[in-house]
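Only the coordinates and a few stated rules stand behind these numbers; no lab work does. What you are looking at is a predicted structure, and each value in this text was computed from that prediction instead of being measured. With ideal geometry, Cβ positions are generated from the backbone for all residues, glycine too; neighbour counts draw on all protein chains shown.
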Amino acid sequence: MNNTTLEVNFDGLVGPTHNYAGLAYGNPAAMEHAYSVSNPRAAVLQGLEKMKILMDLGLIQGVLPPQERPHLKTLRGLGFRGSDSEIIQAAARESPSLLSAVFSASSMWAANAATVAPSADTQDGRVHFTPANLITQFHRSIESEFTARVLKHIFLDEAAFAHHPPLIRALHFSDEGAANHSRLCSSHSSKGLQAFVYGRAAFDFSEILPKVFPARQTLEASSAIARLHLLDPGATVFLKQNPESIDAGVFHNDVASVGNQNVFLYHEQAFTDARQAVRDLKTSFSRISEQDLVLIEVSSNRVSLQDAVQSYLFNSQLVTLPNGGMSVIAPYESAEKLITSDLLSEITADNSNPIESIHYVDIRQSMKNGGGPACLRLRVVLTEKERALTHQGVYLTLELYRELVGWANSYYRDRLEPGDLLDPELRMESKSALDALTEILGLGSIYEFQRE
Ligand code: SUG
């Protein structure tokens, strides 16, 4: 077996209860679209179409199953009693937001599922996973238990994969996973520079914080992950988000920067003391990989933070193609703004960077909740040997793609209003869809309702 190392993108499949509930404070798109009507079927199909585009580009694409929603276990833990319907009715009376939180399909944003370190970067030569505790947003905090289970299920070989539990559920260790983490390297198989980005240092009371919105990732969480993943401190950097960018709607750093291999595309206002931050990245990268980092800085004059947040330009996926060149997978919203589409065309035409093409994707259902192309995927760098040790049923093929499209068309609704969450049929449909999905992906009984 040849031991090529490749980046595999695992995308979160959108769940059948995808809805807009305005739960994510600090995420402008989600706040703006609160209580609007969603289309779960279109959402899952859009996600699948994006996955197929990557597969057709010759990349390896994985699928992560949605989580079981409504999450009645959470409501029971909060003291609601009775039958499933009674619990749901009582939660709705208590707080519509609580109800929508346990129905949220937010696990689709797999960039927040975990932080992953490839074996080339870890001292024990294993791939390390830490599911994010996501404690800043209640509806997301209920994802980590199932995420841990699914990751263990897919990456099941203990000699090759190390699974850490989510970090302690305390505000000081608030962790949002790979959305605030980039790995820069000369090739996927060589040791990389692990760049962690945090919004606040929880033990530093003198720090300047965002004035309006929460800083979701702490330095303490990022440092703990670096320790757990047995990373080389000399190949690890910690950069601070600019608090002004968080207040402008950059709730995760992947809304203001994206890196792939030796390329780093970022907004001028993404970091605190940006000049120094970028210098650190550049110096550390040259030391580790003996080559220069290709930095593409976008100035505020060219694209304001507001335009960056509206277009999700920086939430594009930057991927390496089989020919060694790179492609940008950008949301349609970036094509629709002249400022951002012109910029992307310029970047593609510029021979001083390896980016050679752009693919615009329609993921509007996710975008309305503030989730762009990069939010929907978890990157896992694997050698061929490691990939052979993973569960094979989750890798997209044309056959699996067709099967999943058929599955979505038969189980998903094309319209969901906030009031529909009370419809008992929705719960049943959701269970049937997930039950059928575990068959398709060969995952066995991973959901609570399959174990009861
Ligand atoms: O956590 N939106 C998600 C979007 C996550 C995007 N991920 C990355 N940037 N990597 C969030 O803010 C909205 C749910 C609602 O309001 O219904 C939501 O959770």
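Taking every pair of alpha-carbon atoms in segment 307-452, what share in percent sits in each 10 Å bin, from 0 to the bin with the longest distance? Over segment 307-452, the share of Cα pairs per 10 Å bin runs 9, 25, 32, 23, 9, 1 percent.
Placing +1 on each Lys and Arg Cβ and -1 on each Asp and Glu Cβ, with no other charges, gives segment 341-423 a dipole about its Cα centre of roughly 280 debye. Around E448, what is the net charge, scoring Lys/Arg as +1 and Asp/Glu as -1 over all other residues with Cβ under 9 Å from its Cβ? Taking every other residue near E448 into account, the sum is 0. Candidates P373, Y360, Y411 compared by Cα position along the dipole of segment 337-432: farthest toward the positive end lies Y411, with charges placed on Cβ. Rounded to whole numbers, the Karplus 3J(HN,Hα) couplings from phi for segment 164-179 are 9, x, x, 4, 3, 7, 10, 4, 5, 10, 5, 10, 10, x, 6, 5 Hz, using 6.51 cos²θ - 1.76 cosθ + 1.60 with θ = phi - 60°, and x at Gly and Pro. Among G325, L398, A43, flag the residue with its Cα farthest along the positive direction of the charge dipole of the chain, charges on Cβ as +1 for Lys/Arg and -1 for Asp/Glu. Ranked along the dipole, the leading option is A43.
Centroid-to-centroid, using Cα positions, segment 119-197 and segment 396-412 are 28 Å apart. Neighbours of E268, meaning other residues whose beta-carbon lies under 11 angstrom from its beta-carbon, give a summed charge of +1 when Lys and Arg score +1 and Asp and Glu score -1. Listed cross-link partners K337/K368; K152/K385; K211/K337 are compared with a 26 Å cut-off, the Cα-Cα value being larger for K211/K337. Mean residue ellipticity, 222 nm, helices only, the chain: the sum of -39500 (n - 2.57) across DSSP H runs of n ≥ 4, divided by residue count and rounded to 500, is -10000 deg cm²/dmol. Compactness of segment 1-72 is given as radius of gyration and Dmax, 15.8, 51 Å, from Cα positions. In this Cβ point-charge picture (+1 for Lys and Arg, -1 for Asp and Glu), the chain has a dipole of about 580 debye about its Cα centre. Assuming charge only on the beta carbon of Lys and Arg (+1) and of Asp and Glu (-1), the dipole of segment 37-182 about its Cα centre is about 400 debye to the nearest 20. No solvent, one uniform scatterer per C-alpha: report log10 I(q)/I(0) for the chain via the Debye equation at q = 0.09, 0.12 1/Å, two decimals. Each listed q maps to, in turn, -0.53, -0.99. Taking a straight Cα-Cα cut-off under 14 Å and skipping sequence neighbours fewer than 8 places away in the same chain, the aspartates and glutamates within cross-link reach of K191 are E7, D121, D124, D232, E290. For segment 75-223, the Kirkwood hydrodynamic radius from C-alpha pairs, put into Stokes-Einstein at 20 °C and a viscosity of 1.002 mPa s, yields a diffusion coefficient of 124 µm² per second.
The three principal axes of the Cα atoms in segment 183-278 give end-to-end lengths of 41, 27, 20 Å, sorted in falling order. The simple spin-label model puts a point 7 Å past each Cα toward its Cβ; for F449 and I168 those points are separated by 3.7 nm.
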